[in-house]
Every structure is written in C-alpha cells, then in structure tokens.
1. Which one of these is open to solvent by 10 Å² or more (accessible area, probe 1.4 Å), among the charged types (D, E, K, R), at pLDDT 95 or above and out of contact with any Leu (no Cβ under 9 Å at 6 or more places or on another chain): Asp209, Asp190, Asp198, Asp140?
2. Report, by residue number, each residue of region 276-296 that is touching a residue at least 24 places away in the same chain (Cβ under 8 Å) and assigned to a helix (DSSP H, G or I).
3. Which members of region 56-71 meet the condition of being free of Cβ contacts under 8 Å to residues at least 40 places away in the same chain and among the acidic types (Asp, Glu)?
4. Looking only at region 216-268, filter to residues that are among the basic types (Lys, Arg) and within 27 Å of Arg294 (Cβ to Cβ); which one of those is most open to solvent (accessible area, probe 1.4 Å)?
5. Can you name every residue in region 11-34 that is open to solvent by less than 50 Å² (accessible area, probe 1.4 Å) and part of a helix (DSSP H, G or I)?
6. For residues that are on the phi < 0 side of the Ramachandran plot, within 16 Å of ligand 2 (Cβ to nearest atom) and among the acidic types (Asp, Glu), tally how many sit in region 27-79.
7. Is it fair to say Ala91 is more than 16 Å from ligand 2 (Cβ to nearest atom), touching a residue at least 12 places away in the same chain (Cβ under 8 Å) and aliphatic (A, V, I, L, M)?
8. List the number of the failed condition for Ile157; all other conditions in (1) within 20 Å of Met45 (Cα to Cα); (2) in a loop (DSSP other than H, G, I, E, B) hold.
Amino acid sequence: MLDKIESKILEIVEEINYDEATRLFKKLNGGKRLRARLIATIAQMSDDAIKLGSIVELIHASSLLHDDVIDEAVTRRGVESVNASEGSKTAIMLGDILYSKAYTSLVDFDPFIAKSVASAVTRLSVGEMMDVKLGEKFNDNEDVYLKMLDLKTAALIESSSECAAHLMGYDTKLYALYGKNLGISFQIIDDILDITQDEKTLGKPALNDFVEGKCTLPYIYLYKELDEDGKAKLKSYHKKVLNNDEKHWIKTNMEKFNSVEKSYDLAKKLSDEAAKAIEGDVALEMILAKMLERNF
Ligand code: FPP
Ligand code: MG
C-alpha cells in the first residue's frame, strides 16, 4: 500500500516540473502516511483513493514545513528540518508549492470532496494559530486545549475519513466521527510520547512541547493536582529550556499524580468512541489499536 502511495505522491510533485522542488521534496522523511493509509483502507485502494490520499499527504507535508518555521524546529522525523538546512524562506516557498499543487489536483474530485478537504485546511490553519496563541502564556484550560487539537490535528484526519467514505457511498457522518476521534486521540498520544520517549525514538528533542510553550494534556492534568508552590514552579518552567533537575521534577510529579495515565485514558476513551462509529470494521479498528500502541 505504502509503495503505491509514495509513487503517486512523487508523480504529483514531478508534475510541478521544477527540479528544485522535487529535490527538496525527496529529502523529506515521509512519515507514517496515516491519512493516506486511512483513505486507502476505507476506499479499498482504488485509484481515486490513492490519488486523494496523496493530495492529503502533500497538504499535511506543507503544513509541517510551515509549522517547523513557526515552531523554529530543527529536526523533523529524525532528519534536519528544511528551515534548518535550507532556511525558512525555502521551507515556506516549498510548502506553498506543494500546497497549491495539491489543491490543483483536488479540483479533479467532486465538490463534496474538494469542499471537505479545503475547509479542513482552513480549520487546521485556525488550529495552528490557536496553538501559537495558547502557547504565549501558560494554559490550564482542558476544553480550550482539546478544541485546538480538534482543529489542528483532527480536522484533516476527519476529512480524510469522510471523503474516503464518500468515494465508497458509505455513511459519511459516521466515518467523519471516526476520523475526528482518531485524530484527537492520535494527537494526545503524540503529546504523551513527547514526555515518555527519548530523542532518538522521537526523531526530535524530548520534553520539547513545554519548551515550545505547549501546555499539553499531561501538563494540564499535573497542574490541576499541584499545590500552590508546585503550580508556581511548573509555571516558571513554561517556555524555558529545562535542566536535568527541572526535567526530573516534572517527570516525578507526573508519575506521582498519574498525569500521563489520565491523558492516555482520554485517548483510549476517544478511540473507543471512534470504534463505535465504524463498529465491525476490523481494518479501521486495527488503525486505532496501532495508534494507541505506537511509541513514536
Ligand atoms: C504540527 O503540530 C502542526 C500541524 C498538525 C498543523 C500545522 C498547520 C499549519 C502550519 C497551517 C496550514 C498550512 C498549510 C500550508 C496547509 P505540532 O507542532 O504540535 O507537532 P510537531 O511536534 O510534530 O511539530
Ligand atoms: Mg511543531
């Protein structure tokens, strides 16, 4: 499945007919291709499914190119980010090229699909801005945080699932619900891994979210449990490069108050809700199980 998706993505990039874009694109690590795999799984590997999955992956890749500029990230999926190796201007322009090319290919699909994907991109862009704004100061509001995840990460996964269902003539609402819950759950797991895994496994620095200003769910749950002194201490660590003692304090207190377990429980609950929407679809249940179990 992955081979077909990768070669279709490359085919679309080569249609741009600009060697520099192809060269830079080839340097990217493609990652898990979750969105394309989801579309291909639901829509049974049809040509339309592979093409739509490739378009969505190009949109996702361009959003990450821009995100790494915004987050000033130097690594992405274990390799140097484009902004680090080629500069931010190149990363933004490559993102623009891939993103607009994906849109050009998207108009080959019917308006339901074009509208679903295009509006998901607006939502993920709003989610990104919310994420940046939320990161400006310490946030302990769980609902606001989850709303941001719904936009930033779940929107495109929800649309992928909905559009694949549309290609098959399935109930798009149920598949959209599956994708939304899969997406939020996926991002919660991502937030957990930032705390529990090391740099080598993650392909980016560990415990970096909080340094970037992101008060992810385990931090929100930890904050709720701490006494006044602890709360002040955690706040003072926000957006700061932490030394080993400070990292140790965060990890020890997260263990004491089960902050990671509580976050995992919510990811599991959302994953169960996703499973309920597509009850009996073993392949989609497997995607949920793998997403929960993953360690990078
Ligand atoms: C990663 O979040 C970022 C996203 C999933 C979305 C980024 C969206 C945009 C930049 C706006 C849309 C732009 C285009 C061109 C379509 P993260 O920083 O929490 O995750 P990370 O640790 O993987 O960087
Ligand atoms: Mg980022």
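The values are calculated or read from the model by the stated rules, or taken from the named source; none is laboratory data. Being a predicted model, the structure only gives us computed values, none of them experimental. Neighbour counts are summed over all protein chains in view; Cβ atoms, including those assigned to glycine, are modelled from backbone coordinates with ideal geometry. All accessible areas refer to the heavy atoms of the entire protein, side chains included, with ligands and DNA or RNA removed. Shrake-Rupley method; radii C 1.70, N 1.55, O 1.52, S 1.80 Å.
1. Checking each option against the conditions leaves just Asp140.
2. Ala277, Ala283, Leu284, Ile287, Leu288, Met291, Leu292
3. Once the filter is applied, which keeps residues that are free of Cβ contacts under 8 Å to residues at least 40 places away in the same chain and among the acidic types (Asp, Glu), region 56-71 yields only Asp68.
4. Just the residues of region 216-268 that are among the basic types (Lys, Arg), to begin with: 224, 231, 233, 235, 239-240, 247, 251, 256, 262, 268.
Then keep just the ones that are within 27 Å of Arg294 (Cβ to Cβ); that gives 224, 247, 251, 256, 262, 268.
Values: Lys224: 107, Lys247: 69, Lys251: 79, Lys256: 140, Lys262: 76, Lys268: 82 Å².
It comes out as Lys256.
5. Ile12, Val13, Ala21, Thr22, Leu24, Phe25, Leu34
6. 3
7. Values: more than 16 Å from ligand 2 (Cβ to nearest atom): no; touching a residue at least 12 places away in the same chain (Cβ under 8 Å): yes; aliphatic (A, V, I, L, M): yes.
So Ala91 fails the test.
8. Only one criterion in (1) within 20 Å of Met45 (Cα to Cα); (2) in a loop (DSSP other than H, G, I, E, B) is unmet by Ile157, namely (2).
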